[in-house]
1. Run down 158, 182 and say which single residue is crowded, with 19+ Cβ neighbours inside 10 Å and in contact with a Ser or Thr (Cβ under 6 Å, 6 or more places away or on another chain).
2. Just to check your reading of the model, which residue among 52, 32 is of a type in the set (A, V, I, L, M), within 16 Å of ligand 2 (Cβ to nearest atom), in contact (Cβ under 8 Å) with a residue 12 or more places away in the chain and within 27 Å of residue 205 (Cβ to Cβ)?
3. Within the stretch 11-67, track down each residue that is among the β-branched types (Val, Ile, Thr), surrounded by 14 or more Cβ atoms within 10 Å (Cβ to Cβ) and part of a loop (DSSP other than H, G, I, E, B).
4. In the set 156, 180, which member is in a helix (DSSP H, G or I) and free of Cβ contacts under 8 Å to residues at least 12 places away in the same chain?
5. Being more than 15 Å from residue 93 (Cβ to Cβ), assigned to a helix (DSSP H, G or I) and touching a residue at least 40 places away in the same chain (Cβ under 8 Å): is that true of residue 109 here?
6. Cβ-Cβ below 8 Å, separation at least six or inter-chain, first residue in the stretch 1-13 and closer than 20 Å to residue 84 by Cα, second at pLDDT below 90: which pairs?
7. Please list, ordered by first then second residue, the pairs with beta carbon atoms under 9 Å, 6 or more apart or interchain, first in the stretch 113-136 and of a type in the set (Phe, Trp, Tyr), second at pLDDT 90 or above and in a helix (DSSP H, G or I).
8. Return yes when residue 41 is in contact with a Leu (Cβ under 8 Å, 6 or more places away or on another chain) and within 15 Å of ligand 1 (Cβ to nearest atom) and no when it is not.
Amino acid sequence: MADVSLRIDDVHKHYSTVHARVEVLRGISFELADGDSLAITGPSGSGKSTLLQIIGTLDEPSSGAIRINGREPFALPEPELARFRNSEIGFVFQDHHLLPQYSVLENVLIPTLAYPAGDIEAPRRRALELLERVELDHRLEHRPAELSGGERQRVAVARALVNGPSLLLCDEPTGSLDQATAGAVGDLLSDLHGDDSILIVVTHSLELAGRFERRCELREGLCAEL
Ligand SMILES: Nc1ncnc2c1ncn2[C@@H]1O[C@H](COP(=O)(O)OP(=O)(O)OP(=O)(O)O)[C@@H](O)[C@H]1O
Ligand SMILES: [Mg+2]
């Protein structure tokens, strides 16, 4: 397997609204390699989600470049970019984004449906294995509404990992959880993060941030490594 790497080079991002031009990111640069984990902290509105969306290829920077595994994702035409995102990036959102009408197992399988490969049983085996690791193998047929907040986040983590992404990006994965449950989700992220992937977690929790090898704080559009 090729080495995993992420390189962010002088990324700027502004939004133009009818009222104003909002400068959110003013020159962010850093580099991560496989096995690295990074926590991003910073005040509300400092651009943490914006940066994560750019790294996750969901939003383009206004200027600057990002390279994932040596490739420039935004240079790809949209169908290839979608495929790249599906295979290389796992996203855990603050409010889980599970689909309410589907079961736990079906939710975890959703990312595997877009580009089916040869062995149709393989994704199911991987989903079941991940659900076992997040200790939800007794809840396979539950709908998201029938789970606790921590259980929903654990399903979201399993879903983000099902395609074996190079980058696991988590935006406030423990934001809506009590301290004990947040600790358990934090442990889970550290456990599941292997030597062949990069983990980036946005968090307000200094306790959670303290678990990661590298930490940076976003402030006034710049990123200071702590
Ligand atoms: N689509 C948009 N159009 C205009 N401004 C935006 C847009 N999205 C975000 N912003 C502004 O960009 C800034 C950064 O937003 P962002 O969501 O990245 O902050 P954040 O650090 O994730 O905050 P929080 O901790 O509250 O989640 C905010 O001031 C926000 O108002
Ligand atoms: Mg945010």
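The values are calculated or read from the model by the stated rules, or taken from the named source; none is laboratory data. All values reported here derive from a predicted model rather than from experimental measurement. In this analysis, Cβ positions are derived from the backbone assuming ideal geometry, glycine residues included, and neighbour counts consider all displayed protein chains.
1. Details: 158 fails: in contact with a Ser or Thr (Cβ under 6 Å, 6 or more places away or on another chain).
Only one candidate passes the filter, namely 182.
2. The conditions single out 52.
3. Matches in the stretch 11-67: 57 only.
4. 180
5. Answer is yes for this residue.
6. Correct list of pairs: 1/196; 4/196.
7. From residues that are of a type in the set (Phe, Trp, Tyr), the pairs are 115/83; 115/86; 115/87.
8. yes
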